[in-house]
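Report on the following structure.
None of the figures in this text is laboratory data; all of them are computed from the coordinates on show. These numbers come from a predicted model, not from an experiment. Virtual Cβ from ideal backbone geometry, glycine too; neighbours counted across all protein chains shown.
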Amino acid sequence: MSPEHSRREVLGHAARGAALAGLGGLTGLLWLKANATYAWSIDATRCIDSKLGAVGVSVCERCSTECVLGLSAVRAVNQFTKCGRCYVCPAYFKITSAVGPDGLPSEKVCPRDAIKREPIGWIDRDDPANNFYEYTIDEKLCNGCGRCVLECKEPAGLGSIVLEVRHNACLDCNRCAIAQACPEDAFERLPPANP
Amino acid sequence: MSGARAVEYRLARRIGGRGFSPHQFHEALRGVALGGDHVFAVGDSALKVFDTEGNLRGKWATAFPGECVAVDGESRLWVGERQQVEIFHPTNGLVDTWRDPERLGRVTAIGFGKGDLFLADATARCIRRYDAQRRFLNDIGDRHRKGGFDIPNGVVDFAVDGEGFVHVANPGMHRVERYSAEGALLGHFGRFDGRDPSGFGGCCNPTNLTVDSRGRVIVSEKAAPRVKVYDPAGELLTVVADAAFDAGARNMDLAVDSMGRIYVVDTATLQICVFSPAAPEVTA
């Protein structure tokens, strides 16, 4: 130890260092808390468009009409592990519309034509019913209206399409307009581990 | 509809229902079969026996929730389950449990014809054919380009007619297919149509079927649930019912007796709905 520094001075420096470190940590914690990423999320078991047992209800659409963004932060998402890849998908086709010359419904469900339908695997051109089809949703077009979600719901479909909040688009408003309007309280704010 | 005489049906009776009474089902009702003067139903983890008036006459526990039930020529009751079949004597209860671990997944329909035994395997999406000694003979439907029957509903249902032909619901392709016992596709009828009742609507219909003694094919559909009768050539004869069922019902199993009465499982209300022809039609 240098003779210029007494024991008292060394201890004082150490105490000040510890206090600074503690202050830094506290500041960091406060910053994290202030920027806590509690996120808005949709409970599919409560959303009227996807809730099982709610058969014959009308589409809600509030996720698309209430969001403060021009294009809502809510999107329809097809969970491929549950999708049946049907030849006639009730979420893609308006299944009660007139049958066209190709034997398929002539109208589609999505008003923005955001769902794409493609045969997958080795394709049978002669008998289109002999193929499986993949239905993908173009997130640039989807506005989260929920019509496809409602039509995909069991028992008509397999319930593979649900509404989800896209957190890269969501402004994370404290008083989310969709949550205020949701008739089923399905729009909820959850800690980051849960959305 | 075809020029054949259309038969009108009326809802005559409801059997069972949701609840905890002995004659009710509290969780699931999946299969119905007829034998003698009895109605056999599998649901929850039980096989229940009703008389035609709907009174409970017997009940046995099954090892697993029953997926289907069928009555063989010796009046024994075959209950399809996950990876096994339980066989019950109508008065003595369980007499045998049969497993074929290499082949049997979820058994959702059972049929008999020309001495053979047919089991629908929803896991492999095909029908397994065995001889009377339970030796495997061949599969039916496994040569489909889709790898089997297209069953988004998760159930393979079929019926064997009096000539030994196997009629199968292939809902993803909106048609009923007819096979020889050896697995050769002999023909099919049906097409998608969400408006015309002669077609099959929705993503995947019909879900279930049975064949009566005249070779008429009786089918059930989901979303919206209804029951229809087709002649052997595939012409629609009549829509039996489209308002009698809960809107959430699907995979509604069917049975038909010699009087032409149709028994339909409403999987939502857990009832067996019995429809009688307005004019009785007794067949041999």
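Just round it to a whole percent: the fraction of Cα-Cα distances in the stretch B:9-277 exceeding 33 Å.
Numbers: 4206 of 36046 pairs.
Roughly 12 percent, rounded to a whole number.
Quick one: 3J(HN,Hα) in Hz for the stretch B:186-197, Karplus 6.51/-1.76/1.60 with θ = phi - 60°, rounded, Gly and Pro as x.
With coefficients 6.51, -1.76 and 1.60, one gets 9, x, 7, 9, x, 7, 6, 6, x, 10, 6, x Hz.
Which whole-number percent is the relative contact order of chain B (Cα, under 8 Å, 6+ apart)? Provide the component values of the computation, followed by the final result.
Numbers: 788 pairs, mean separation 47.0, N = 284.
For chain B, the relative contact order is 17 percent.
Compute the helix-to-body angle for A:7-34: its Cα long axis versus the longest principal axis of chain A, expressed 0 to 90° and rounded to tens.
Approximately 20 degrees, to the nearest 10.
Taking the alpha-carbon set of the stretch B:1-126, what are its Rg and Dmax in Å?
Rg, Dmax (Cα atoms, Å): 15.7, 48.
Would you please report the Å³ per residue occupied by the convex hull of the alpha carbon atoms in the stretch B:70-186?
Taking the convex hull of the Cα positions in the stretch B:70-186, it is 98 Å³ per residue.
Give the calculated FRET efficiency between A:Glu188 and A:Glu134 to the nearest 0.05, with a Förster radius of 35 Å applied to their Cβ-Cβ distance.
On the way: r = 31 Å, r/R0 = 0.88.
That gives a FRET efficiency of 0.70.
Any idea what the alpha-carbon Rg over 2.2 N^0.38 Å comes to for the protein assembly as shown?
Normalised by 2.2 N^0.38 Å, the Cα Rg of the protein assembly as shown equals 1.26.
log₁₀ I(q)/I(0) of chain A at q = 0.12, 0.16, 0.19 Å⁻¹, via Debye over equal Cα point scatterers, no solvent, to two decimals?
Reported log10 I(q)/I(0), two decimals: -0.68, -1.02, -1.27.
Can you list residues from other chains, or at least 5 along the same chain, whose modelled amide H is less than 5 Å from the amide H of B:Gly43?
Close amide H contacts, sequence-distant or interchain: B:Arg30, B:Lys48, B:Gly66.
Could you grab the relative contact order for chain A? Cα pairs under 8 Å, six or more apart, rounded to a whole percent.
The value is 33 percent.
Can you give the calculated 222 nm mean residue ellipticity of the protein assembly as shown, where each DSSP H run of n ≥ 4 adds -39,500 (n - 2.57) and the sum is split over every residue, rounded to the nearest 500 deg cm²/dmol?
-2500 deg cm²/dmol
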